[in-house]
Amino acid sequence: MNELNIVMRFLHIISGIALLGGAIAWRFAVVPSTAALAPDVRSKLGNAMAAAWRPVFFSAAAGLLLSGIFNYMNKGNVPPLWHALIGVKFLLVLHVFAVGFIVTGPNNEKRSRQLTGIVISGVVIVILGAVLRSLSAA
Ligand code: HEM
């Protein structure tokens, strides 16, 4: 394993932590703890959070895409099941990126539900990451 592989693996993991961890904290810490606020205050706070988290989300998505493509292109001999599972992973990643884009936009009443969707897809992606790695680490 050369140094660039290590850097790209680090970038993939740190970006995944930032994106999925941010969504989990927002959905399970911020949403419940702000539920009792007056609707207009909650809406302002939600918009401020979305604006503040947007650059983190975009940076993490860019880091995942860059390191993911690098990792993908550097995989040697992998079994057919690996290709099948990475295809499923790409679809779920598309879901996370698209919904993350919507969640970080302003005036969104459905953020909580959308964050739940990101968390579910994100957890399945990480499970797939673990399986993919064991399939390709022969
Ligand atoms: C929400 C976005 C994503 C998350 C949470 C995520 C998560 C993970 C995790 C946890 C691993 C295992 C890391 C390891 O053990 O080294 C992994 C591996 C991998 N990911 Fe991602 N990933 C995401 C997006 C992407 C994207 C966009 C691509 C490609 C364009 C990609 C391609 C890969 C590849 C090729 C591997 C290596 C699999 C193997 O070792 O056989 N990932 N990902």
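The values are calculated or read from the model by the stated rules, or taken from the named source; none is laboratory data. Everything numeric here is computed off the predicted structure, so don't read it as measured data. Quick reminder, even Gly has a Cβ in these numbers, built from the backbone with ideal geometry, and neighbours come from all protein chains shown. Heads up: the accessible areas ignore ligands, DNA and RNA and are worked out on the full protein's heavy atoms, side chains in. Shrake-Rupley method; radii C 1.70, N 1.55, O 1.52, S 1.80 Å.
Determine whether Val103 is closer than 21 Å to Val124 by Cα, open to solvent by less than 40 Å² (accessible area, probe 1.4 Å) and touching a helix residue (DSSP H, G or I) at 6+ places or on another chain (Cβ under 7 Å). Yes; evaluated as a whole, the condition is true for this residue. Can we say Leu66 is more than 8 Å from the ligand (Cβ to nearest atom), farther than 30 Å from Pro32 by Cβ and of a type in the set (A, V, I, L, M, F, W, C)? Answer is yes for this residue.
If you go through the stretch 19-60 and keep only what is of a type in the set (Phe, Trp, Tyr) and under 14 Å from Pro106 (Cα atoms), you end up with just Trp53.
From the list Val56, Val93, the one residue that fits, being more than 10 Å from the ligand (Cβ to nearest atom) and surrounded by 13 or more Cβ atoms within 10 Å (Cβ to Cβ), is Val56.
In this structure, is Ser33 surrounded by fewer than 15 Cβ atoms within 10 Å (Cβ to Cβ), away from the ligand (no atom under 16 Å from the Cβ) and more than 23 Å from Met8 (Cα to Cα)? For Ser33, the condition - surrounded by fewer than 15 Cβ atoms within 10 Å (Cβ to Cβ), away from the ligand (no atom under 16 Å from the Cβ) and more than 23 Å from Met8 (Cα to Cα) - is met.
The residue that is surrounded by the fewest Cβ atoms within 10 Å (Cβ to Cβ), among those in the stretch 11-30 that are near the ligand (Cβ under 8 Å from one of its atoms) and without any contact (Cβ under 8 Å) to a residue 60 or more places away in the chain, is Ile13. A search for C-beta distances below 9 Å between a residue of the stretch 111-132 that is among the acidic types (Asp, Glu) and any residue that is not in a helix (DSSP H, G or I), counting only pairs 6+ apart in sequence or on different chains, returns nothing.
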